[in-house]
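The values are calculated or read from the model by the stated rules, or taken from the named source; none is laboratory data. The structure displayed is predicted, hence computed values, not measured ones. Positions of Cβ are generated from backbone atoms using ideal geometry, with glycine treated the same way; all protein chains shown enter the neighbour counts.
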Amino acid sequence: MATDAIPKGWAVFDIDAATQHDFRARLLRAKTIFWNGPMGVFETPPFDAGTRAIATALVDAGKKGAVTVVSDGKRTYVHDAPNPTLGVGGSGDALGGAVAAFLARGLTALAASAAAVWVHSRAGALLAAEIGESGALATDIVDAMPRALREILTK
């Protein structure tokens with residue numbers, strides 16, 4: 001729905017399927033992606049669908065070599081280590097879930113997004129070292145995320 005078609009007094013809580021599709025197409029063509037964090041009221045299903053769709057598109061764009069930049073306009077984080085191990089169905093859901101988990105722990109949207117991108121990528125790198133760049137499942141990525149997080153917390 002176009003923003004000018006939203007009735008007065010109404011609110012929009014997530015991006016629709018057409019917007020998800022449009023954003024995905026644009027992200028897959030991008031060489032550098034500036035992500036300003038989650039979409040909509042992502043803490044509450046079903047309003048998390050837009051964030052999960054964008055997270056999946058970010059994973060797929062990373063497989064093509066795109067650099068992900070997460071920023072709130074004041075602070076900026078750059079992730080330039082795409083990982084082909086993450087190119088499996090459900091990987092974007094793992095990333096979106098990580099964003100939600102960090103938010104639930106009290107991180108700001110920016111910190112949660114940046115931490116999730118890093119942990120997600122590092123989990124892929126750990127799996128690549130263990131089993132190679134092919135053969136990982138989304139559940140393997142989720143299982144590797146705590147190990148990736150421990151790495152950053154112990155350094």
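Does the range 51-72 hold any residues that are more than 11 Å from the chain's Cα centre (by Cα) and either under 15 Å from residue 94 (Cα atoms) or of a type in the set (S, T, N, Q) (or both), and which are they?
Once the filter is applied, which keeps residues that are more than 11 Å from the chain's Cα centre (by Cα) and either under 15 Å from residue 94 (Cα atoms) or of a type in the set (S, T, N, Q) (or both), the range 51-72 yields only 71.
Conditions tested, residue by residue: (1) in contact with a Phe, Trp or Tyr (Cβ under 9 Å, 6 or more places away or on another chain); (2) at pLDDT 80 or above; (3) surrounded by 12 or more Cβ atoms within 10 Å (Cβ to Cβ).
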site: 4; (1), (2), (3): no, yes, no
site: 15; (1), (2), (3): yes, yes, yes
site: 18; (1), (2), (3): no, yes, no
site: 24; (1), (2), (3): no, yes, yes
site: 51; (1), (2), (3): yes, yes, yes
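Residue pairs, Cβ under 8 Å, 6 or more apart or interchain, first in the range 128-155 and without any contact (Cβ under 8 Å) to a residue 60 or more places away in the chain, second among the small types (Gly, Ala, Ser) and loosely packed, with under 11 Cβ neighbours inside 10 Å. List them.
138/89
Do we find that residue 122 is touching a residue at least 24 places away in the same chain (Cβ under 8 Å), basic (Lys, Arg), part of a helix (DSSP H, G or I) and more than 17 Å from residue 58 (Cβ to Cβ) in this structure? First the steps, then the outcome.
Details: touching a residue at least 24 places away in the same chain (Cβ under 8 Å): yes; basic (Lys, Arg): yes; part of a helix (DSSP H, G or I): yes; more than 17 Å from residue 58 (Cβ to Cβ): no.
No.
Checking residue 107 against (1) crowded, with 17+ Cβ neighbours inside 10 Å; (2) assigned to a loop (DSSP other than H, G, I, E, B); (3) aliphatic (A, V, I, L, M); (4) free of Cβ contacts under 8 Å to residues at least 12 places away in the same chain, only one condition comes out false. Which one?
It fails just one condition, (1).
Keeping to the range 64-89, report how many residues are surrounded by 17 or more Cβ atoms within 10 Å (Cβ to Cβ) and either in a helix (DSSP H, G or I) or small (Gly, Ala, Ser) (or both).
First pass over the range 64-89, keeping only residues surrounded by 17 or more Cβ atoms within 10 Å (Cβ to Cβ): 66, 68-70, 77, 79, 82-83, 85-88.
Filter again for either in a helix (DSSP H, G or I) or small (Gly, Ala, Ser) (or both), leaving 66, 85-87.
Qualifying residue count, the range 64-89: 4.
Mind listing just one residue for me: the one in the range 125-155 that is outside any helix (DSSP H, G or I) and within 20 Å of the chain's Cα centre (by Cα) and, of those, surrounded by the fewest Cβ atoms within 10 Å (Cβ to Cβ)?
Result: 137.
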